[in-house]
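Undergrad: Pasting in a structure now, in structure tokens, and then I'll have a few things to ask.
Any read-out appearing in this document is the output of simple, stated calculations on the displayed coordinates, not a laboratory observation. Keep in mind that what you see is a predicted model, and the values were worked out from it rather than measured. Cβ placement follows ideal geometry from the backbone for every residue including glycine, while neighbour counts extend to all protein chains displayed.
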Amino acid sequence: MGKGFFNVPEPVNEPVKSYAPGSPEREAVAKQYKSYYNSSVDVPLYIGSEEIKTGNTKNMSLPHDHKHVVGTYHLAEKQHVDKAISTALEARKKWAQTPWEQRAAIFLRAADLIAGPYRAKINAATMVAQSKTIHQAEIDAACELIDFLRFNVKFMTDIYAEQPVSSNGIWNRVEYRPLEGFIYAITPFNFTAIAANLPASAALMGNTVVWKPSDHQIFSAKVIVDVFKEAGVPDGVINVVYGDPIMITDTVLASPDFSGIHFTGSTFIFKEIWKKIGENIHNYKTYPKIVGETGGKDFIVAHPSANPKQVATGISRGAFEFQGQKCSAASRVYLPKSLAEETLNHVKEDVASFKMGSPEDMSNFITAVIHEGSFDKLAKYIDQAKADSDAEIIAGGNYDKSKGYFIEPTVILTTNPKYTTMETELFGPVVTVYVYDDKDWSNTLKLVDETSEYALTGAVFSNCRYALEEAIKALENCAGNFYVNDKPTGAVVGQQPFGGARASGTNDKAGSAQNLLRWVSPRLIKETFVSPEDYRYPFLG
Ligand code: NAD
């Protein structure tokens, strides 16, 4: 930016479209869904300008219709991962020197493409690949992704504007260099927006990236690649590989030029990756930045002063939207005895009214879970709860994988506050409720704090200010995103920067300047206008 201090467009959150019957957006997405359903896409690896078809392929099918195949994707071998790394390093030479306003323009353009011509495509692809309802697809693949792209551009300029003071005769300035090397982005299945944001945020700051999407999101990842290409992301800036995650990761982490990882996924995998980075630490040219957002066991705790209908709605939406497959989904609930019956009756009514099926039928609120592994795990926990004497299933409890991976939204009531489903992340439409004595409010807060290894999201419902204040203090380290009288899901970029600590991640807050700071290495330049010519200081006489 040699010729002006440019202001970027002020970001505002993308309005969520309604998709009400008869609306043009509903018609467009329904048509696109049909076309994808009948398609046979062949997704290559994207390395530099090349689209590589290795011939070693896997099918892509729909979670809600698993026998139906909508295409294939090609699996990388080690040589392709090596090539992705060398291509990223070569592309860095130009990209890291590209003026920031050009990088900004590319990603702002990507946002506008998604808001306009790609909206139906990215939403329909997310319905097909991840079995999201149209509403869940719209708030993720369209709105959240658009927000990430637009807000991050603004945050980037805020970072660049952060400069040190200068005293007489000198000028101090900081430039925010991209990291030396390349970034590795590993993304989960559950958010198309996260899949795009993890490589894009690092690339926006001038880095080049090797991106490994989840095997269960590749159908919508391809739309992201199409958008980035059309927006003008240069070849080699974001290279995409799929296949054996261990082989790909080991190959990436063996490179001396590995300079950072942007990961979202489960806790165990992240800890394994961290360990491998540690084992390789002597090989790296720089200390790699490690950013990971991982699992959660998110809670709702209600005080006796809470409104039971509001608590129930928090549970029904917070636990079951997108089949509970949000890292932020409520999965353990603490109710006071005085409110439990009324609250749970409302939840049971809600659950009974949910329609379950394909997202193509837009009246469905619940669709399928992502894959057979997840289905089988959830079924096992449900069966266990049916057998255990300290647990009882009070809603749902059925499952069927004959056509799609359908698990009924399930409520387990337990008398054991440390029951396995109060502690373990299940990542599905199963919520466990523990009822406490009203007089045990303070102890219950302690229980919430000590029950799980995670600290991602949590919600407290109360109409008593003293109780709220007590909960906010007692649960200080329990959640990186803490909600008062609201469900613990649905963070909006720019409004509720997202992330948690403990076993939930490094809490670098996706969708904030704090996250972007991880992808730069500041260089301070001190310039002296008139250099001294004598080493002697006055005190030497
Ligand atoms: P996952 O951990 O199974 O997979 C995440 C990514 O890691 C995928 O790309 C996968 O292929 C890859 N992977 C799997 N095994 C690997 C290995 N051994 N080495 C390297 N990479 C490997 O997670 P998922 O099922 O896709 O997503 C669900 C998980 O993600 C949940 O635990 C959820 O809480 C978490 N999540 C967290 C956040 C957050 O912001 N905290 C957001 C979304 C999802």
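Undergrad: Using only alpha carbon pairs under 8 Å that are at least six residues apart, calculate the relative contact order of segment 33-182 and give it in whole percent.
TA: Relative contact order comes out at 21 percent.
Undergrad: Using only the Cα atoms of segment 70-175, what do you get for the radius of gyration and for Dmax, in Å?
TA: Just the Cα atoms of segment 70-175 yield Rg and Dmax of 19.7, 66 Å.
Undergrad: Using Cα pairs under 8 angstrom and six or more residues apart, how large is the relative contact order of the chain, in percent?
TA: 17 percent
Undergrad: Rounded if a/c is under 1.5, else prolate if a/b beats b/c, else oblate: with a ≥ b ≥ c from the C-alpha gyration tensor eigenvalues square-rooted, which is segment 232-329?
TA: It is prolate, given that a/c is not under 1.5 and a/b is the larger ratio.
Undergrad: Could you give the length gained on full extension between LYS526 and ASN477, defined as 0.36 nm per residue of separation minus the Cα-Cα distance, in nm?
TA: Working it through step by step, the gained length comes to 13.6 nm.
Undergrad: Can you spot the aspartates and glutamates whose alpha carbon is less than 14 Å from LYS309's alpha carbon? Ignore those fewer than 8 places along the same chain.
TA: GLU341, GLU342, GLU349, ASP350, ASP486
Undergrad: Let me ask something additional. So what is the 222 nm mean residue ellipticity for the chain from helices alone, if each DSSP H run of at least 4 adds -39500 (n - 2.57) and you divide by all residues, rounding to the nearest 500 deg cm²/dmol?
TA: Helices in the chain give a 222 nm mean residue ellipticity of -12000 deg cm²/dmol.
Undergrad: Determine the dipole magnitude for segment 182-318: charges of +1 sit on the beta-carbon of Lys and Arg, -1 on that of Asp and Glu, nothing else is charged, the reference point is the Cα centre, and the result goes in debye to the nearest 20.
TA: Roughly 420 debye, rounded to the nearest 20.
Undergrad: Indicate the gyration tensor shape class of segment 440-541 (rounded, prolate or oblate), computed on the Cα atoms with a ≥ b ≥ c the square roots of the eigenvalues: a/c under 1.5 is rounded; otherwise a/b larger than b/c is prolate and the rest oblate.
TA: Note, shape of segment 440-541 comes out prolate.
Undergrad: Now for a separate question. Quick one: dipole size for segment 358-414, taken about the Cα centre, charges +1 on Lys/Arg Cβ and -1 on Asp/Glu Cβ, in debye to the nearest 20.
TA: Roughly 100 debye for segment 358-414.
Undergrad: Near LYS132, which aspartates and glutamates are there with a Cα under 15 Å away, not counting those fewer than 8 places off in the same chain?
TA: The qualifying aspartates and glutamates are ASP65, ASP140, GLU144, GLU321, GLU360, ASP361.
Undergrad: Of LYS17/LYS403; LYS326/LYS386; LYS355/LYS380; LYS222/LYS276; LYS212/LYS355, which sit over 27 Å apart, Cα to Cα?
TA: Distance filter (> 27 Å) returns LYS17/LYS403; LYS222/LYS276; LYS212/LYS355.
Undergrad: Using only the alpha-carbon atoms, how far is helix 337-353 inclined from the longest principal axis of the chain? Give it as 0 to 90 degrees, nearest 10.
TA: Taking Cα atoms only, the helix is inclined about 80 degrees.
Undergrad: Right, next: What is the Å³ per residue value for the convex hull set by the Cα atoms of the chain?
TA: It comes to 184 Å³ per residue, whole-number rounded.
Undergrad: If you place +1 on the Cβ of every Lys and Arg, -1 on the Cβ of every Asp and Glu, and leave all else neutral, what size is the dipole of segment 424-541 about its Cα centre, to the nearest 20 Debye?
TA: Here segment 424-541 has a charge dipole of around 360 debye.
Undergrad: A further question on this structure: Putting +1 on Lys and Arg Cβ atoms and -1 on Asp and Glu Cβ atoms, find which of ASN416, TYR399, THR432 reaches farthest to the positive end of the dipole of segment 382-448.
TA: TYR399
Undergrad: Next question. As I understand it, the value is the acute angle between the Cα axis of helix 24-37 and the longest principal axis of the Cα atoms of the chain; what does it come to in degrees, rounded to 10?
TA: The answer is roughly 90 degrees.
Undergrad: Points 7 angstrom from Cα along the Cβ direction at GLU10 and SER35: gap in nanometres?
TA: The answer from the label model is 3.7 nm.
Undergrad: Now, a different point. Note the angle between two axes, namely the Cα long axis of helix 372-387 and the longest principal axis of the Cα atoms of the chain, as a number of degrees from 0 to 90, rounded to the nearest 10.
TA: 40 degrees
Undergrad: With the crude spin-label approximation of a point 7 Å out along Cα→Cβ, what separation in nm comes out for ILE170 versus LYS418?
TA: Result for the modelled spin labels: 5.8 nm.
Undergrad: So, R0 is 51 Å and r is the distance between the beta-carbons of ALA352 and LEU89; what FRET efficiency does that work out to, to 0.05?
TA: 0.35
Undergrad: Which lysines have a Cα lying under 24 Å from the Cα of LYS3, excluding residues fewer than 8 positions away in the same chain?
TA: LYS93, LYS94, LYS154, LYS526
Undergrad: What does DSSP give for the chain in terms of the percent of beta bridges that are antiparallel, rounded to the nearest 5?
TA: 40 percent
Undergrad: How would segment 1-86 be classified by its alpha-carbon gyration tensor: rounded, prolate or oblate, with rounded meaning a/c under 1.5 and the a/b versus b/c comparison settling the rest?
TA: oblate
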